[in-house]
1. Please work out which residue is farthest from Glu229 (Cα to Cα), limiting yourself to segment 162-174 and to residues that are touching a strand residue (DSSP E or B) at 6+ places or on another chain (Cβ under 8 Å) and of a type outside the set (A, V, I, L, M, F, W, C).
2. Search segment 221-236 for residues that are of a type in the set (Asp, Glu) and pair each with any residue that is open to solvent by less than 90 Å² (accessible area, probe 1.4 Å) when their beta-carbon atoms are under 7 Å apart and the residues are at least 6 apart or on different chains.
3. I need every pair where a residue in segment 186-212 that is in contact (Cβ under 8 Å) with a residue 60 or more places away in the chain has its Cβ under 6 Å from the Cβ of a residue that is open to solvent by 40 Å² or more (accessible area, probe 1.4 Å) and among the basic types (Lys, Arg), sequence separation at least 6 or different chains.
4. Can you find a residue in segment 218-230 that is within 26 Å of Lys275 (Cβ to Cβ) and part of a loop (DSSP other than H, G, I, E, B)?
5. Under the condition of being part of a strand (DSSP E or B) and of a type in the set (D, E, K, R), which residue from segment 193-210 is most open to solvent (accessible area, probe 1.4 Å)?
6. Which numbered condition in (1) modelled with pLDDT of 65 or more; (2) open to solvent by less than 50 Å² (accessible area, probe 1.4 Å); (3) assigned to a helix (DSSP H, G or I) is the only one that Ser133 fails?
7. So which residues in segment 305-330 are of a type in the set (A, V, I, L, M, F, W, C) and touching a residue at least 60 places away in the same chain (Cβ under 8 Å)?
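The values are calculated or read from the model by the stated rules, or taken from the named source; none is laboratory data. Bear in mind that the values here come from a model prediction, so they are computed numbers and not experimental data. Here the Cβ positions follow ideal geometry from the backbone for every residue, glycine too, while neighbour counts run over all protein chains shown. Please note that ligands, DNA and RNA were not included when accessible areas were found on the heavy atoms of the full protein model with its side chains. Shrake-Rupley method; radii C 1.70, N 1.55, O 1.52, S 1.80 Å.
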Amino acid sequence: MPVNRNALIRYKTIDSCLRNKYRKWTLEDLIDACSEALYEYEGIDKGISKRTVQIDIQMMRSEKLGYNAPIVVYDNKYYKYEDENYSITNTPLSKQDLKTMSEAVEVLRQFKEFSYFSGLGEIVNRLEDHITSTRQKTLPVIDFEKNESLKGLDHLDTIYKGIVNKQVLEIKYRSFKARSAKTFLFHPYLLKEYRNRWFVFGKKKNNLANLALDRIHEIVIAPKEKFSENNLFDPEIFFNNLIGVTKNIGEQAETIRFWVNAQNVPYVETKPFHKSQQIIEEREDGSKIFEIQVVINPELQQEFLGYADALKVLSPPSLIDFMRQKFSSAKELYYREEESVHTSIPSPELSPEQ
């Protein structure tokens, strides 16, 4: 049985209320909670009727949606789950749910090749894999990269709402280089993921700032502060000449030339460092010289360092000097004869995120 968006919001709201065992819930309380949720998510301010919530409760109790929610009334007035551990979010997908999700995947698949929906590919694959594994009761066949221990993900929702609703955020933040955390006002404009870490770009004291979510200690909405519109950068072109997320306003791309040995050429060709990458020279031994047009930043440097002796930077001189210094330090670290094996190893330098 199809469920419209408003009904689903009500079901989830009722579920959230009844899972809160530290409060007693009357029918009127549930009506108020559902009305507030519909106003918050859909902007509906006319409220809902007593009859609507009563029907919702009956639907949740029934098998029609597959919930079979153990909702009971006690003291002739209050509602609760008889099983305190129950939640509709833990309900297995029904055959109808799987059918509906399969149909939705087919619709999404139609848009995968359009540039505007370029990000749908992974989403569609995730849905397909989940549907198949649920239907066949088998293990998933796609394992996406994830870092479940990554800090800061709990801030995503607050920041997202701040961007969409144009709200100023009060953030307590400590960068890797700072001795202590500092609190400041922040106008969020864009969330961006890079290598399984999340960053938010926005205005801090009239300057563009890039904050790593895993360095945020606390974050709250500052409702009394006036939101400042983004007049600092264009998200659609800002990252065109960039690898990663580190870039200052006005910073220009440079021409980077580098040599790659024959054994690693296939890896660099099939997974380019940047979309501007092109082959400049092919040598008899199978090695090649490539060129990219990008901003020199810590992310680019880390990419190159990852190839160690398989890649040599040819220009510009500033990047050559950086790579030479890094490998010299690494050689000293590994071949310092007087150093005891029990000496603590210093931590590697990390890319700065404000």
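1. Among them, the one singled out is Arg174.
2. Listed pairs, sorted by first residue: Glu225/Val168; Glu225/Leu185.
3. As it stands, the answer is Phe199/Lys192, since those pairs meet every condition given.
4. Yes, segment 218-230 contains a residue that is within 26 Å of Lys275 (Cβ to Cβ) and part of a loop (DSSP other than H, G, I, E, B).
5. Glu193
6. So Ser133 meets the others, but not (1).
7. Leu319
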